[in-house]
Amino acid sequence: MKITQSEALFAAAKKVMPGGVNSPVRSFRSVGGVPPFLVRGEGSHVVDADGNRYIDYVLSYGPLLLGHAAPMIGEAIKKATDHGTSYGAPTPDEVTLARLVTSLLPSMEMVRMVNSGTEATMSAIRLARAYTGREYILKFIGCYHGHSDSLLVQAGSGASTFGVPDSPGVTKGTAATTLSVPFNDLPALEKVFAAKGRDIAAVIMEPTPGNMGLILPKDGYLPAVQDLARRYGSLLIIDEVMSGFRAAQGGSQSLYGIDPDITCLGKVIGGGLPVAAYGGKRKIMEMVSPVGPMYQAGTLSGNPLAMAAGIAALTWMRDHKVCDTLPERCAVLCKGLADAAAAACVPVRIHHLGSMFTVFFTDKDPMNYDDVCACDKEAFKIYFHTMLENGVYLPPSQFETNFISLAHSDEDFAQTIAAARKAFAAIASR
């Protein structure tokens with residue numbers, strides 16, 4: 001039997017890269033099979049090395065709010081490359097993007113550009129410890145904030161997919177200063193603060209977690225977390241690497257009425273290029289070098305290509321009110337998926353917010369990591385592979401969030417729902 005191009009590429013990749021990938025979330029180990037090796041993106045679609053075309057709900061795990069190969073972003077990058085790729089010196093576009101970000105998220109009075117969400121959260125944690133003089137960090141079980149040591153304790157996303165929430169290589173000393181509590185469990189949070197509150201430098205959280213699938217906070221939960229942090233003098237770090245400009249133009253913080261001390265952004269702010277940022281109250285950010293004593297640096301942070309892409313993406317998003325358009329579109333797709341599941345008598349719960357959604361295979365509304373772990377992951381495997389066979393590309397894990405873009409059409413949604421009917425029928429007949 002002739003092997004496909006993707007199969008050949010995957011076999012070659014495994015000889016030179018661990019698992020054949022550069023990011024574990026791109027692995028298919030949780031669902032089985034060979035990942036399609038993608039060679040092109042066009043609007044709402046991707047094309048693999050074998051010429052197969054898929055409607056894409058991964059969208060590079062979130063950044064592509066405007067779809068693949070958005071002309072305004074490509075033009076901005078090409079124009080920037082005409083002048084060079086990196087200078088190791090300040091550029092006007094750094095100022096422009098920083099001003100744009102701070103205008104869209106008022107809680108970010110000052111901002112520092114970095115290259116990845118991991119860099120942003122790692123730096124925010126260091127800043128919180130420097131500012132408060134405290135050591136402990138409190139996070140929520142199943143929330144993923146990148147792969148820095150202090151945050152790989154009961155994390156979600158890739159770690160959850162492989163059933164290893166605590167990574168080997170994280171020292172006991174590092175883990176000892178990271179406290180973890182279940183999301184949406186206010187009594188558990190109050191108990192930890194009562195015991196350790198005066199030692200907690202910061203609470204870091206995804207306000208609408210996307211790394212155990214999309215989980216929504218209970219009414220009043222996020223303001224209660226903020227109130228607890230302030231009562232004990234801890235900083236509140238809101239990780240909007242995923243939800244920033246996805247949940248809403250002002251991020252999830254704008255929807256739930258919270259005012260974080262530090263916010264971490266990524267994905268959408270780079271328009272598909274590696275860009276992230278952390279920022280917050282001026283008095284806190286002035287602790288960062290070279291103004292203050294907390295050191296953080298990166299040679300390629302704020303590089304011209306990334307800044308150009310970010311400016312183009314956020315300006316188009318703002319001027320064309322993209323974040324006002326997509327929530328209704330996402331709701332239409334999710335209703336179609338829910339109706340298809342109901343017709344097949346397959347129990348699902350579908351969470352959606354802004355331009356994000358997750359189909360959970362369960363009859364109980366998931367509220368935390370344990371609830372997601374109890375979902376029917378075998379049903380998800382059938383769903384995933386059937387969708388792929390019918391031209392729909394999804395994240396290969398029950399623990400991931402799906403995304404739509406401005407490029408997704410009614411025809412895309414109709415094809416997706418038709419594929420879902422086949423998937424749910426296959427699940428019902430197993």
Stokes-Einstein translational diffusion, the chain - Kirkwood Rh over all Cα pairs, 0.890 mPa s, 25 °C, in µm²/s: 111
Candidates Gly257, Gly142, Gly43, ranked by Gaussian network fluctuation over the chain, Cα under 10 Å, top entry: Gly257
Rounded Å value of the spacing that divides the Cα centres of region 250-302 and region 315-388: 29
Charge dipole of region 284-430 about the Cα centre (unit charges at C-beta), most positive-ward option of Ala313, Pro290, Ala425: Ala425
For the chain, built as a Gaussian network whose Cα springs stay under 10 Å, the top-fluctuating residue of Lys139, Lys14, Lys79: Lys14
Added length on full extension, which subtracts the Cα-Cα distance from 0.36 nm per residue, Met17 to Ser409: 137.5 nm
Accessible surface, the chain, averaged per residue in Å² (probe 1.4 Å): 41
All-pairs Cα distance distribution in region 8-163, expressed in whole percent, bin size 10 Å: 8, 24, 33, 27, 8, 0
Label point distance in nm, Asp259-Ala176, each placed 7 Å from Cα along Cα→Cβ: 3.8
Residue-averaged 222 nm ellipticity for the chain, from DSSP H runs of 4+ at -39500 (n - 2.57), nearest 500: -12000 deg cm²/dmol
Share of carbon and sulfur in the accessible heavy-atom surface of the chain [1.4 Å probe, %]: 55
Whole-Hz couplings from phi, Karplus 6.51/-1.76/1.60, listed for region 267-277; x for Gly and Pro: 6, 4, 5, x, x, x, 9, x, 9, 8, 7
Distant alpha-carbon pairs in region 365-429 (separation over 18 angstrom), percent: 43
Links that overshoot a 21 Å alpha carbon limit, given the list Lys218/Lys283; Lys335/Lys364; Lys139/Lys321: Lys218/Lys283; Lys139/Lys321
Debye intensity ratio in log₁₀ form over the Cα atoms of region 283-430, taken at each q of 0.09, 0.17 Å⁻¹: -0.42, -0.96
Residue of Gly62, Gly272, Gly173 that the Gaussian network model of the chain assigns the largest fluctuation, springs spanning Cα pairs under 10 Å: Gly173
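The values are calculated or read from the model by the stated rules, or taken from the named source; none is laboratory data. Just so you know, these numbers come straight off a predicted model, no measurement behind them. Cβ: placed from backbone, ideal geometry, glycine included. Neighbour counts: every protein chain shown. Heavy atoms of the whole protein, side chains included, go into the accessibility calculation; ligands, DNA and RNA do not. Shrake-Rupley method; radii C 1.70, N 1.55, O 1.52, S 1.80 Å.
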